[in-house]
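Quick notes on the structure that follows.
Where a number appears in this text, it was derived from the coordinates with a stated rule and is not lab data. Bear in mind that the values here come from a model prediction, so they are computed numbers and not experimental data. With ideal geometry, Cβ positions are generated from the backbone for all residues, glycine too; neighbour counts draw on all protein chains shown.
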Amino acid sequence: MPLFHGRLPTIVEGTARPIWLPITCVGGSATTVYVGSMVQWTYATGDGVIPTIAASGATVGPVGVVVGTNNLTPLYNTTYQTEYTSSLASTNQTTQNARDWRMQEGMWIKSDPMPLVQVALIDRTSVLRIPIYAHATNLTMPAAAVSTAGSAGGQTVTCGTTGFDTTAVAYENTIFCRTGLNRGLYRITYDTNAGTGAKTWYQAMPYTTATVGETYVQVPFKLGLTHIDLQTTGLGINTITGASNASNYYTVECLEIHLEDYGDEYALIRFLA
């Protein structure tokens, strides 16, 4: 069963063993982690977990999903609509001792006031349901673009509005027809046209793509082995920086993409590295 419902990353299959982990305090500065965030280890610097960051090169994937905190009184973020907690600056001994905390287990004694998060671990068998956003941090939904030209053969469409991501990586994009005769159909595009350039695919849609007025949604990843980028909050896939997926990415196996409903766009993902 999923650990969460709604627009938060959710483990829907596979390993979900929870452990308690500290939140990193890099350079003595506090770090905020949200319930629902995908988190990863810090390496050369840091002393705990951080939200998965925007990819830089071939980036190692998350270790798990945050499912709770050791705050006695929950803290709630109205922007992301979920609970959160933060590590404390290294000089904040008084603040740490003043915390109300509970529930931590594992290697952490009950009297340790350090902020901790409970993380459901994932591995290569785990399947995550991850929301899709068109922003690095905000919960902005992917925009639908309106067609201005189509084709009788159902293999191309041009949209004059700026709903599409600016990615131009061949075979790394999925287009979805949200309205019109081909409503509900997905195709993988092979063009390298950025922005409002014509989108093309090999497997024809069964009906003519209309010259005006149909709406399409595109994301910069596809089914199967593909590359994605993540929000710096760890709360979703970021499609706006998809143009960098050729060099900055998380390597994943995408099992399903769902763009049917505005406000409920998501993908089923397995992290491979």
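What is the log10 of I(q)/I(0) for the chain, computed with the Debye formula using one identical point scatterer on each Cα and no solvent, at q = 0.07, 0.11, 0.12 Å⁻¹? Once normalised to I(0) and log-transformed, intensities are -0.29, -0.64, -0.73.
When trypsin sites (Lys or Arg not before Pro) are flagged only if DSSP places them in a loop and at most 14 other Cβ atoms lie within 10 Å, the longest unflagged stretch of the chain comes out as 1-101.
With only alpha-carbon atoms in the gyration tensor, what are the semi-axes of the equivalent ellipsoid for segment 69-130, in Å, largest first?
Working: eigenvalues 123, 56, 23 Å².
With the √(5λ) rule applied to segment 69-130, the semi-axes are 25, 17, 11 Å.
What is segment 76-182 by shape, rounded, prolate or oblate, if you read a ≥ b ≥ c off the alpha carbon gyration tensor as root eigenvalues and call it rounded for a/c under 1.5, prolate for a/b larger than b/c, and oblate otherwise? Here segment 76-182 falls in the prolate category.
Assign one of three labels to segment 36-95, namely rounded, prolate or oblate, based on the Cα gyration tensor with a ≥ b ≥ c the square roots of its eigenvalues; rounded applies when a/c is under 1.5, prolate when it is not and a/b is larger than b/c, and oblate otherwise. Here segment 36-95 falls in the oblate category. Note on Val26/Leu225: beta-carbon distance plugged into 1/(1 + (r/R0)^6) with R0 of 35 Å gives a FRET efficiency of 0.60. Computed from the C-beta positions of Val212 and Ser247, the FRET efficiency with R₀ = 22 Å rounds to 0.05.
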